[in-house]
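Shown next, in structure tokens, is the structure this report addresses.
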Amino acid sequence: MVEKFGRFLIYSCSVCEVQFADPLFSSTAFYDDRYSDGALDLTRVRKLSHDSMVAQSHRMITDPQSLALEWLKRNFPDSSVVLEVGFGRGWFLSALEQHAYVAMGTEVAREPVELLKKKGFTVSLASIESLPPNWPVPSVIALFEVLEHLPDPLGFLQTLHEKFPFAPLILSTPSPKRWGLHLGYRESHDYPPYHLTRWTERALSMVLQRAGYAEAICLYPGVDPAEIYSALLGMTLTRLRLVNMASPELMLRDADGKPVFSQMIAQFPSLALRLHDIGLALFKELFKPLAWYFSHKGWSSSSMLAIGLPARWQGDKVSS
């Protein structure tokens, strides 16, 4: 056993070093709560039109998503169909459309599905087994920051490969080499029930090959200075009990039992978003030297990118 967190025990596999929670409990209600009306995650999205999201997507996607997009552009022509499973706020879907791909997305949380559907995106509240029958067969599957949430990651990946055996799989998970871990900081969301597993490069390679992919490649983006700002902000808000992804019951709540921070954002969404953007712009410049130093030491961004290649793959295998 690695550690205990609330009612969860966290173990480590002696073969591949993947860490996993016991019990492996997951609930879609947990993610519905995350995307509630007061969640900052969707505040910006609510304010933008479909075209505005597409236009701004290049600066909103994560570093692993940027790497994934570069790999896609080298290997798949315009109008190729890309399915993103667990699209979240929809920025990668927007980036796909910006580069003339046919973007489709599924999500287990109802709020982002309804929001993006109204904006004209091709999205569905569906599982892999229940995709809309009129959707075309995807050429590529994308899966960003999803695997660590699943109670049966191997079974999920096997289902994906069996359903789309010729499609490469691009995914990201929290990086075991990320700069925060080197400084002794583990994010509050990297605990169950939010994250049920923690992956290493060896574990990802093994699970992808067991799922049926012929080869697996892992890439580690350098440290983004924006991540340092976000981590400091997250630590501060967690200490103030305003946010806590792993234990929402510990957050400060009003007389009606609703989270105080979410209510503040719901009342002043534009102000909250503006303050966040000002802080991000300021500290992103301030932390550039520190981000360079961390990257120079071999530390990585918060997430790593993995690509599962099907058998007889003829395209580009890796580019860093």
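The values are calculated or read from the model by the stated rules, or taken from the named source; none is laboratory data. Here the structure is a predicted model, which is why all the values come from computation and not from measurement. No Cβ is skipped: glycine too gets one built from the backbone with ideal geometry, and neighbour counts run over all protein chains shown.
Being assigned to a helix (DSSP H, G or I), modelled with pLDDT of 90 or more and out of contact with any Pro (no Cβ under 9 Å at 6 or more places or on another chain) narrows it down to one of Val54, Val15, Val45, so name that one.
Values: Val15 fails: assigned to a helix (DSSP H, G or I); Val45 fails: out of contact with any Pro (no Cβ under 9 Å at 6 or more places or on another chain).
Just one listed residue meets the conditions, Val54.
Of Gly279, Gly257, Gly234, all but one fail to be under 30 Å from Phe25 (Cβ atoms) and more than 21 Å from the chain's Cα centre (by Cα); the exception is Gly257.
Every residue, every condition in (1) among the charged types (D, E, K, R); (2) under 30 Å from Ser14 (Cα atoms); (3) surrounded by fewer than 16 Cβ atoms within 10 Å (Cβ to Cβ), yes or no:
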| residue | (1), (2), (3) |
| --- | --- |
| Arg198 | yes, yes, no |
| Leu204 | no, yes, no |
| Pro225 | no, no, no |
| Met245 | no, yes, no |
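Restricting the stretch 206-216 to residues that are crowded, with 19+ Cβ neighbours inside 10 Å and touching a strand residue (DSSP E or B) at 6+ places or on another chain (Cβ under 7 Å), the residue that is nearest to Ser66 (Cα to Cα) is Ala216.
Residues checked against (1) in contact with a strand residue (DSSP E or B) (Cβ under 6 Å, 6 or more places away or on another chain); (2) among the polar types (S, T, N, Q):
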{"position": "Thr173", "(1), (2)": "no, yes"}
{"position": "His195", "(1), (2)": "no, no"}
{"position": "Tyr220", "(1), (2)": "yes, no"}
{"position": "Val223", "(1), (2)": "no, no"}
{"position": "Ala226", "(1), (2)": "no, no"}
{"position": "Leu252", "(1), (2)": "no, no"}
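State whether one or more residues within the stretch 97-111 are more than 16 Å from the chain's Cα centre (by Cα), under 18 Å from Ser49 (Cα atoms) and of a type in the set (S, T, N, Q). So far as the stretch 97-111 goes, yes, one or more of its residues are more than 16 Å from the chain's Cα centre (by Cα), under 18 Å from Ser49 (Cα atoms) and of a type in the set (S, T, N, Q). Only one residue in Asp316, Asp277 is over 11 Å from Val223 (Cα atoms), surrounded by fewer than 19 Cβ atoms within 10 Å (Cβ to Cβ) and in contact (Cβ under 8 Å) with a residue 60 or more places away in the chain, so which one is that? When all the criteria are applied, what remains is Asp316.
For the stretch 253-320, give me every one of the helices (runs of 4 or more DSSP H) that falls completely inside it and has 1 or more residues that are out of contact with any Ser or Thr (no Cβ under 9 Å at 6 or more places or on another chain) and at pLDDT below 95.
Working: elements: 260-267, 269-286, 288-296.
Output list reads 260-267, 269-286.
Counting the residues of the stretch 291-305 that are touching a helix residue (DSSP H, G or I) at 6+ places or on another chain (Cβ under 6 Å) and hydrophobic (A, V, I, L, M, F, W, C) gives 4. Residue under question is Glu249, and the condition is that it be modelled with pLDDT under 85, part of a helix (DSSP H, G or I) and not aliphatic (A, V, I, L, M); does it hold? When the stated conditions are applied, Glu249 passes them. Just to be sure, is Ala272 more than 18 Å from Ser175 (Cα to Cα), surrounded by fewer than 15 Cβ atoms within 10 Å (Cβ to Cβ) and among the small types (Gly, Ala, Ser)? Spelling it out, it is not the case that Ala272 is more than 18 Å from Ser175 (Cα to Cα), surrounded by fewer than 15 Cβ atoms within 10 Å (Cβ to Cβ) and among the small types (Gly, Ala, Ser). Contact annotation: residue pairs with Cβ atoms under 8 Å, 6 or more positions apart or on different chains, pairing a residue in the stretch 156-185 that is closer than 23 Å to Gly298 by Cα with a partner that is basic (Lys, Arg) and at pLDDT 95 or above, are Pro174/Arg198; Pro176/Arg198; His182/Lys297. Scanning the stretch 141-191 for residues that are of a type in the set (D, E, K, R), more than 18 Å from Ser127 (Cβ to Cβ) and at pLDDT 95 or above yields Lys177, Arg178. Yes or no: Arg186 surrounded by fewer than 22 Cβ atoms within 10 Å (Cβ to Cβ) and either of a type in the set (Phe, Trp, Tyr) or within 28 Å of Pro165 (Cβ to Cβ) (or both)? No, not satisfied.
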